[in-house]
Structures are given as structure tokens and as C-alpha cells.
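Written below as C-alpha cells is the structure these notes are about.
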Amino acid sequence: MADELEKKSGTYEYGANVGSERLKEIIKEKSVAKGVSKKTKKNVMITVINAHCKGGLCNICVNYCPEKVLAMGFRTVEVVDPDSCTKCMLCELRCPDFAIFVD
């Protein structure tokens with residue numbers, strides 16, 4: 001009886017060689033993209049909303065940043081070294097005006 005069920009249910013295979021040609025291309029593209037992201041530096045996007053930022057009056061995000069990614073500019077916070085960012089998100093969590101976002 002188990003043989004009959006297996007025949008009716010079919011076999012399922014996994015891997016890069018299964019599926020249509022387009023599916024194989026998509027799987028290959030994803031695997032290549034994953035390899036590239038491991039070799040290159042991480043992409044960090046730090047957004048500062050200047051209209052919300054108090055600048056020198058607040059200075060909380062600059063003080064809490066452990067990697068010194070942020071610095072005070074003339075009126076608002078500036079991102080000086082985005083490659084050093086560890087995405088700890090302390091700047092985003094501590095900002096009282098929701099003026100900075102880390103993606």
C-alpha cells in the first residue's frame with residue numbers, strides 16, 4: 001500500500017536543477033547576489049529628517065553612537081562614516097523627535 005501512495009503522490013526534488021528554465025535562472029541570480037553581498041560591505045542607509053532635527057540643541061544621537069558615525073553639522077546631524085555603522089540603531093531609538101532612521 002505504501003508503494004501505491006508513493007506512485008500517486010509523485011516525487012519532489014529540490015535544488016538548482018529543478019523546475020523550468022526561468023526558475024533555474026532566478027535561483028542562479030539569487031545565489032550570485034548572495035555571494036556578492038557577503039564580499040562587499042553592508043549597505044547602510046541613514047536618513048536624517050532635517051525639519052525634525054534640533055541639531056546642537058539635542059545632540060543625543062551623536063553622543064549615543066558607539067562607532068562615531070554621526071557628527072554635528074552646522075544646524076543638523078551629519079553622517080560622516082556610514083561604513084562604520086553596525087546598525088545598533090541607538091541613534092534611532094534615542095532620538096526624541098524621530099528625526100533619524102537606519103535602514
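Within segment 64-103, how many residues turn out to be in contact with a Pro (Cβ under 8 Å, 6 or more places away or on another chain) and touching a residue at least 24 places away in the same chain (Cβ under 8 Å)?
Of the residues in segment 64-103, 1 are in contact with a Pro (Cβ under 8 Å, 6 or more places away or on another chain) and touching a residue at least 24 places away in the same chain (Cβ under 8 Å).
Are any residues in segment 70-103 among the hydroxyl-bearing types (Ser, Thr, Tyr) and in a helix (DSSP H, G or I), and if so, which ones?
Hit for segment 70-103 is 84, nothing else.
Yes or no, residue by residue, for (1) of a type outside the set (S, T, N, Q); (2) part of a loop (DSSP other than H, G, I, E, B); (3) closer than 15 Å to residue 99 by Cβ; (4) modelled with pLDDT of 90 or more:
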{"residue": "23", "(1), (2), (3), (4)": "yes, no, no, no"}
{"residue": "27", "(1), (2), (3), (4)": "yes, no, no, no"}
{"residue": "33", "(1), (2), (3), (4)": "yes, no, no, no"}
{"residue": "36", "(1), (2), (3), (4)": "yes, no, no, no"}
{"residue": "41", "(1), (2), (3), (4)": "yes, yes, no, no"}
{"residue": "44", "(1), (2), (3), (4)": "yes, yes, no, no"}
{"residue": "50", "(1), (2), (3), (4)": "no, yes, yes, no"}
{"residue": "61", "(1), (2), (3), (4)": "yes, no, yes, yes"}
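The values are calculated or read from the model by the stated rules, or taken from the named source; none is laboratory data. The shown structure was predicted, so the numbers you read here are calculated from the model rather than taken from an experiment. A quick note on method: Cβ atoms are made from the backbone with ideal geometry, for glycine too, and the neighbour counts reach across all protein chains shown.
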